[in-house]
Number of protein chains: 4
Amino acid sequence: MVKIPVGVLGATGMVGQQYIALLAEHPWFEVRYVAASPRSAGKKYKDLMAGRWQLLQTFAPAVGDLIVEDANDLSRAIAAATAGRLAFVFSALEMEKDEIHALEDAYAGAGIPVISNASANRWTSDVPVLIAEVNPHHTDIIPIQQKARGWDRGFIVVKPNCSIQSYVTPVYALIKAGYEVKRLFVTTLEAVSGAGYPGVSSLDILDNVVPYIGGEEEKSELEPLKVLGSIAGGVIQNAAEPKITAHCNRVPVVNGHTACISLEFGAKKPAIEEVKQIWTNFSGLPQELDLPMAPKRPIILREEANRPQPRKDRDTDKAMAVTVGRIRPCNLFDIRFVGLSHNTIRGAAGGGILNAELLKAKGYLGS
Amino acid sequence: MVKIPVGVLGATGMVGQQYIALLAEHPWFEVRYVAASPRSAGKKYKDLMAGRWQLLQTFAPAVGDLIVEDANDLSRAIAAATAGRLAFVFSALEMEKDEIHALEDAYAGAGIPVISNASANRWTSDVPVLIAEVNPHHTDIIPIQQKARGWDRGFIVVKPNCSIQSYVTPVYALIKAGYEVKRLFVTTLEAVSGAGYPGVSSLDILDNVVPYIGGEEEKSELEPLKVLGSIAGGVIQNAAEPKITAHCNRVPVVNGHTACISLEFGAKKPAIEEVKQIWTNFSGLPQELDLPMAPKRPIILREEANRPQPRKDRDTDKAMAVTVGRIRPCNLFDIRFVGLSHNTIRGAAGGGILNAELLKAKGYLGS
Amino acid sequence: MVKIPVGVLGATGMVGQQYIALLAEHPWFEVRYVAASPRSAGKKYKDLMAGRWQLLQTFAPAVGDLIVEDANDLSRAIAAATAGRLAFVFSALEMEKDEIHALEDAYAGAGIPVISNASANRWTSDVPVLIAEVNPHHTDIIPIQQKARGWDRGFIVVKPNCSIQSYVTPVYALIKAGYEVKRLFVTTLEAVSGAGYPGVSSLDILDNVVPYIGGEEEKSELEPLKVLGSIAGGVIQNAAEPKITAHCNRVPVVNGHTACISLEFGAKKPAIEEVKQIWTNFSGLPQELDLPMAPKRPIILREEANRPQPRKDRDTDKAMAVTVGRIRPCNLFDIRFVGLSHNTIRGAAGGGILNAELLKAKGYLGS
Amino acid sequence: MVKIPVGVLGATGMVGQQYIALLAEHPWFEVRYVAASPRSAGKKYKDLMAGRWQLLQTFAPAVGDLIVEDANDLSRAIAAATAGRLAFVFSALEMEKDEIHALEDAYAGAGIPVISNASANRWTSDVPVLIAEVNPHHTDIIPIQQKARGWDRGFIVVKPNCSIQSYVTPVYALIKAGYEVKRLFVTTLEAVSGAGYPGVSSLDILDNVVPYIGGEEEKSELEPLKVLGSIAGGVIQNAAEPKITAHCNRVPVVNGHTACISLEFGAKKPAIEEVKQIWTNFSGLPQELDLPMAPKRPIILREEANRPQPRKDRDTDKAMAVTVGRIRPCNLFDIRFVGLSHNTIRGAAGGGILNAELLKAKGYLGS
């Protein structure tokens, strides 16, 4: 099979690097276009990355030899698309929100689908915020989006903030099983890689905790409502619940976001054992379609008293599974539990690739 | 002024060491008796501590020359008391709960007051669990306790678990100001020193979080109710509220427990600004009495968005102040905030010493 | 191909776990016998490991169902060998040195070859200390050892201390290329996993360095001389040089030992560029034989100014490669460089497995 | 006594903050002038520091109210000096080396003595690099410097790089005791605070070591020779020895540089016990003059096998003492030992203040 040529916008940043690394041996996609800021443009990717590459996994040699393009120069992308070297782009842009918004629009307008990791379009009403196991049906808004914008082949889909990945899939599994989830208390203990590179200063985090991450609590409270929402009137309507309050903390962990959650059901309340069953048995469309990046089981239940733990559980099943544990009654709500996911893989580049696989399987990225 | 001679039971452990260090220059008390397990007995304290001493502060030379006694051998303590070398003991015993319970009873029964850091007697109904700024009036149960047990001069007081120190004082300040506090969600991020030495293995905590500490959530939920309770019928009756649910985590921090709290008031709710005022202005009996170990202000309010932080705030005012910050509305309850206190000083040995100062000032330790 | 049934002595410890994990999908060997201390005996391995398993990789289900044997009960091993369930053992015993020495002798004497990770037999004169790429010819002493002891099929081989792995292979490559290496200054920065579990207390290593590891400097100075030695007179004669002085430090790193080395050549001195060539091109018998656990290249050269680094380089090529970098002139000796290897894989279980593969390929473990 | 008014150039950086904190209660000096980059100028120091202040100790209220000046605007400093608000400056400038060089010259030329922490003037031949206990006599070059430059009251003195503080004082003590020190192998394990703020990214140092610090090895090898040099021909002539080779590493430690040293004496070699005596008894001019910032003993000897350690020893005696330990024979040179000092206090701001105290005591800062 000939692989689909893909591009990575923001290819030199942390998430961009993670995309490049994860796509090194992808069965469907092949990175043939890399773009970054103007000052990176014109250099070979491997030359640019010498001393800046942060990951254990290396990139494919062919990617190392690519000349980095200026992400702002759309003509280069159009030329690549015309030449058959670019079918769609993963956006891991690190710019001002307004600029990213305009640029993602421009790519989509030029017929190049944008699968984005950025927050710029998360609250654009006709742009779906996808977690492939949770709301794959939100892709139905793509034709609506294209029609409304007058776009032909291009479109924009995004993925949510990494912090919500550790609890939204478990919450959705409960909803899918027929239980209303009314309210959530969430406290996150987030890894430093979530802030990019150089990101968090070592002087702020060694022997320390920082109980604040700018904008993170708002994202953690609101984005789940869009993910759990429904399409109506040509837009995605937010779900009315669960109502969420979040406390977000930065901790001295390299990768892996942990979340402590108290959850209140509606009138109908499952027993603890049933919750465990629901999570263990949960499966979504990516599993049904056997997508390459999909974990075998989206939610892994650990029965040990002291799990999940970021260093020991973050890499479970290609770092794409969400691990849950400590499921127990809550004194104030119904149940308490701990959720964990890898923030730069499941919560960023890996989640973006899974979204692309879903879109490909559904026919949105050409046949 | 001649200093009161005091003893430290469990003098070789982490909390025991912290007692010794903090008492090195104490204006009222002087360590003249140190006891530990039988295998430590008979050696000079300084010889025993070579290579085991964990703190920056050193011990007084005179303490180094003390011969360590067997804590189980009450006759030695009685002899010391008779000889005027022991007026009361700080208990930092690390044994089975039942053994500690029996031993603390025996010391008190022998006329030697016990100011304990251990959990063994926290749920003994006539033993007060003291935070000097919160429930100093609970010392009123001492004569009742003495009478019920047939004790003469001896008695037992304890202090609560270190994890509750970061939120109970702020909660009490609000109650004292006239606001009912109904419910609390608490997530703690606790330092490794809370587990003693060697305690937490480095393999469990480097680049990691452990979302479980055995027994800690139960203590964090229940002990505040006794601290906030009242004396009735010859025992301490628990307060009925706040109802608390706790998520306790171990994080890679040396000292300083952080707590993220959501708090629900009763019908009458203060504005955020009033909460800040209440905390800034809060003062207790230790401040009124100007006790040596008392912080000038029990609660320090930080206005920066990213404070309190353990490494930067734990040592505030002799490591005896509780620092609060991020006071903001909660989506589900009324307010959210972050509290922080030094777990082995304010939350352990320093709190115990402050309790002793309070008891001395009230006349319970002789005139 | 039917896999060779192997046993792991000390299967519940850190190195034992690493053996079990690395052998989970081994093409030649299959774990069918696990032994540990008497108090572990009689339980299923998976039950024993619930809550004690430290690694990301899991064990094979069949291993989980094995009943753990008492490592001291040789009759069980003999029965397993007779029944065709045990061809040889990996020894990761954690007991007193004398006990291990006696027990390894007993297994070998009973016809069960022992491939050991323990230090007990490292200075037994007819026991080879193997690094498969460096001294594979030292296996020639096995028949001599068997004859001297009156052993039939059994024998003992060991591997050196993990601390020397980061510099002995590079030093050997230079010697093999024709350069005398006269003197070495070595400073190690060693990971906490080297001390086993629970091993290093978090209170000793968070925000800290411990400039001392008991016995480590002696091992780091002397063991290389045996590895680089030769067989003569029925024993392994130590090499006369290099003369080594070692400073060993524990640092807050989970896995991966770093070493800073200054090296003095004999009269003939290679240029820096030639040193790089020698290391890049170095290959040994495991590579020639294409052994399953062998890294493609034993030494990986990084040209970046700030590499190797433990977190970024320890896992290179199945965590079996030694990474070197910062090769530069030394003001006092000839060259300086930094070496790094994964201490529990290349420096322990992985190195042991590679030794077993070498022995198998040479016919010492049956045809 | 009226305090001498001093200024801090670069008052907002890490070392600048440390100066401000350490001078908060200084008996001789009072900060009355703070300067930083143009974009900081015109604001109150306390407003600028809200959210940027990194230290536990706070600044004096009067300093908080100072208006920050533009360090480049010499006229402001001259006006302050004329007005009696500025007697000399501590330079903790963080600019390009050339700019610092020019600016320090300009201040000195304007009659304002400069006591610098920067590296810009360390190799200016008539500028002394002072460690107050080691080469206080190098202040004798000040009149020569003033005469050569045509300066009246102003002059420049600097202090060496923080990395050398852990071994130069011990080495000097041996030289002073009559032993030649010919060669040194030094491996440093340096704290992240040495790189300033934000400095080292947490992604580079959590669970990691970086075996490279730009320019640090050259400083560690060469600066000791100037400190140990002598004044001749109107310049400071470097000492000819010891010849040093350095390996510099960054480790996950907040404060405190550790150094592992092997040392070769000349023909005359002291016994280990004598080395210990020399270090324990060593005292310098700051001790003789009883300068406020001087540690009681410049070198503290620890006899425990595993000391010094940064977290446990860095704060010894106002964080101004150098702690040594593990003194033992070396296989290649004569002795091995471990040295440790606090890099931002003894190795930076505290060392600078001690230099100022020395200069004041010697009359160089006015009577």
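Test B:A50 against the stated conditions and say whether it is at pLDDT 95 or above and at negative phi.
no
Looking only at residues in the stretch C:329-355 that are of a type in the set (A, V, I, L, M, F, W, C) and within 14 Å of chain D (Cβ to nearest Cβ), the one that is farthest from C:F29 (Cα to Cα) is C:L332. Among residues of the stretch D:205-219 that are more than 7 Å from chain C (Cβ to nearest Cβ), those with a beta-carbon under 7 Å from a residue that is among the β-branched types (V, I, T) at least six positions away or on a different chain give the pairs D:I205/D:V192; D:L206/A:V192; D:L206/A:V254. Residue count for the stretch D:329-367 under the criterion of being in a strand (DSSP E or B), crowded, with 24+ Cβ neighbours inside 10 Å and touching a Ser or Thr at 6+ places or on another chain (Cβ under 6 Å): the result is 3. Against the definition (in contact (Cβ under 8 Å) with a residue 60 or more places away in the chain, over 26 Å from D:F185 (Cβ atoms), away from chain B (no Cβ under 14 Å) and buried (at least 17 other Cβ atoms within 10 Å of the Cβ)), how does C:I244 come out, yes or no? Answer is no for this residue.
Looking across the stretch B:326-357, the residues that are assigned by TED's automatic domain parsing to the domain that holds B:P242, touching a residue at least 24 places away in the same chain (Cβ under 8 Å) and more than 17 Å from B:S163 (Cα to Cα) come down to B:I327, B:R328, B:P329, B:C330, B:L332, B:F333, B:D334, B:I335, B:R336. Within the stretch A:22-47, residues that are surrounded by fewer than 16 Cβ atoms within 10 Å (Cβ to Cβ) sit with their Cβ atoms under 6 Å from residues that are part of a strand (DSSP E or B), at 6+ positions apart or across chains, in these pairs: A:P38/A:D70. The conditions of being touching a Cys at 6+ places or on another chain (Cβ under 8 Å), more than 9 Å from chain B (Cβ to nearest Cβ) and either of a type outside the set (K, R) or in contact (Cβ under 8 Å) with a residue 12 or more places away in the chain (or both) are met by A:L263. The numbered conditions (1) closer than 23 Å to A:A21 by Cβ; (2) within 11 Å of chain B (Cβ to nearest Cβ) are all true for A:G325 except (1). Residues that are under 22 Å from A:Y212 (Cβ atoms) and in contact with a Leu (Cβ under 8 Å, 6 or more places away or on another chain) occur in the stretch B:280-295; there is at least one. In this structure, is A:S202 within 12 Å of chain D (Cβ to nearest Cβ), free of Cβ contacts under 8 Å to residues at least 40 places away in the same chain and small (G, A, S)? Yes; evaluated as a whole, the condition is true for this residue.
Consider the stretch D:249-270 and keep the residues that are of a type in the set (G, A, S) and surrounded by 22 or more Cβ atoms within 10 Å (Cβ to Cβ). The one that is farthest from C:A191 (Cα to Cα) is D:S262. Kindly establish whether D:L184 is in contact with a Cys (Cβ under 8 Å, 6 or more places away or on another chain) and not β-branched (V, I, T). In short, no. Here C:V235 meets the list (1) surrounded by fewer than 21 Cβ atoms within 10 Å (Cβ to Cβ); (2) among the β-branched types (V, I, T); (3) touching a helix residue (DSSP H, G or I) at 6+ places or on another chain (Cβ under 6 Å) almost entirely, failing just condition (3). Taken over the stretch A:1-21, the criterion of being among the charged types (D, E, K, R) and surrounded by 24 or more Cβ atoms within 10 Å (Cβ to Cβ) is satisfied by no residue. Here the stretch D:300-327 is the region considered, the condition is being over 20 Å from B:G51 (Cα atoms) and of a type in the set (A, V, I, L, M, F, W, C), and the residue that is surrounded by the fewest Cβ atoms within 10 Å (Cβ to Cβ) is D:A319. Restricted to helices (runs of 4 or more DSSP H) entirely inside the stretch B:58-123, those with at least 3 residues that are out of contact with any Phe, Trp or Tyr (no Cβ under 8 Å at 6 or more places or on another chain) and over 23 Å from B:Y45 (Cα atoms) are B:97-109. Do we have C:S116 as touching a Ser or Thr at 6+ places or on another chain (Cβ under 8 Å) and of a type in the set (S, T, N, Q) here? For C:S116, the condition - touching a Ser or Thr at 6+ places or on another chain (Cβ under 8 Å) and of a type in the set (S, T, N, Q) - is met. Which one of these is more than 21 Å from the chain's Cα centre (by Cα), over 29 Å from B:T245 (Cα atoms) and among the aliphatic types (A, V, I, L, M): A:A294, A:A232, A:A240? None of the other options fit; the residue is A:A232.
The values are calculated or read from the model by the stated rules, or taken from the named source; none is laboratory data. Worth saying up front: this structure is predicted, and the values here are computed from it rather than measured. Here the Cβ is made from the backbone with ideal geometry for all residues, glycine too, and neighbour counts use every protein chain on show.
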